[in-house]
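The values are calculated or read from the model by the stated rules, or taken from the named source; none is laboratory data. Note that the structure is a prediction, hence the values are computed from the model and not measured. Here Cβ is always computed from backbone atoms with ideal geometry, including for glycine, and neighbour counts include all displayed protein chains.
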Amino acid sequence: MMTVVIGGSKCGKSGYAEKILDSFDGKKLYIATMIPYGEEAQKAIERHRKMRRNKGFETVEKYTDLDEIYLPENYAVLLECMGNLLANEMFKNEEITDPTEKIIKGIESLKTQAQHLVIVTNNVACDGIDYERETMDYIRIMGDINRRMSELADNVIECVYGIPLAVKGTLL
């Protein structure tokens, strides 16, 4: 089963994504994608570590190349978060690239291996503001990845002000 949890900044999507896997009896893998650049990133990472403390997650920091992850049987996976993964893949070289197919391939690989795959992602295209070209490319690609993940997912949950809403499938 695959669930996508989407929402804006600080809307409760991470907490809800973790809650989905609370009752999972097997092993739980948390794939952390945020590269710890600077004090603000360190604070966010620490906040997420505290949230998952005592919830049975094994954490793997994987900033790029999802398709390199191989899971043993009976694992659930929480990927946090697609926005960071996209930025890491897209801007890792001097030349900006579109990593959509690479990321989708990695998601498909995880989906076939995991008992339950939960992916946290960001809704970044709602403000209607025009940004620099690189940011607009990021927003466009993030929208495409979110659309493609939603097609693959059994459930798509949008968190709005801490309230989870089923967009596809059911609330878990």
>> Just to be sure I understand the filter: pairs with C-beta atoms under 9 Å, separated by 6 or more residues or on different chains, first member in segment 121-136 and in a strand (DSSP E or B), second member at pLDDT below 90 and loosely packed, with under 10 Cβ neighbours inside 10 Å. Which pairs pass?
In response: 122/9
> Somewhere in segment 10-33, is a residue modelled with pLDDT under 90, part of a helix (DSSP H, G or I) and among the hydrophobic types (A, V, I, L, M, F, W, C)?
Replying inline: no
> Between a first residue in segment 35-48 that is closer than 21 Å to residue 90 by Cα and a second residue that is surrounded by 13 or more Cβ atoms within 10 Å (Cβ to Cβ) and of a type in the set (Ser, Thr, Tyr), which pairs have beta carbons less than 7 Å apart while being 6 or more apart in sequence or on different chains?
Replying inline: 35/63
>> With without any contact (Cβ under 8 Å) to a residue 24 or more places away in the chain, out of contact with any His (no Cβ under 8 Å at 6 or more places or on another chain), under 23 Å from residue 32 (Cβ atoms) and not in a strand (DSSP E or B) as the only criterion, which of 93, 146, 88 stands out?
In response: 93
>> I'd like the full set of residues that are modelled with pLDDT under 85, outside any helix (DSSP H, G or I) and charged (D, E, K, R), limited to segment 43-70.
In response: 53, 55
> residue 108: outside any loop (DSSP other than H, G, I, E, B), closer than 17 Å to residue 81 by Cα and acidic (Asp, Glu), yes or no?
Replying inline: yes
> Which pairs do you get when a residue that is closer than 9 Å to residue 31 by Cα, found in segment 59-74, comes within reach of a residue that is modelled with pLDDT under 95 and among the charged types (D, E, K, R), reach meaning Cβ atoms under 8 angstrom, with the pair 6+ apart or on two chains?
Replying inline: 59/49; 59/52
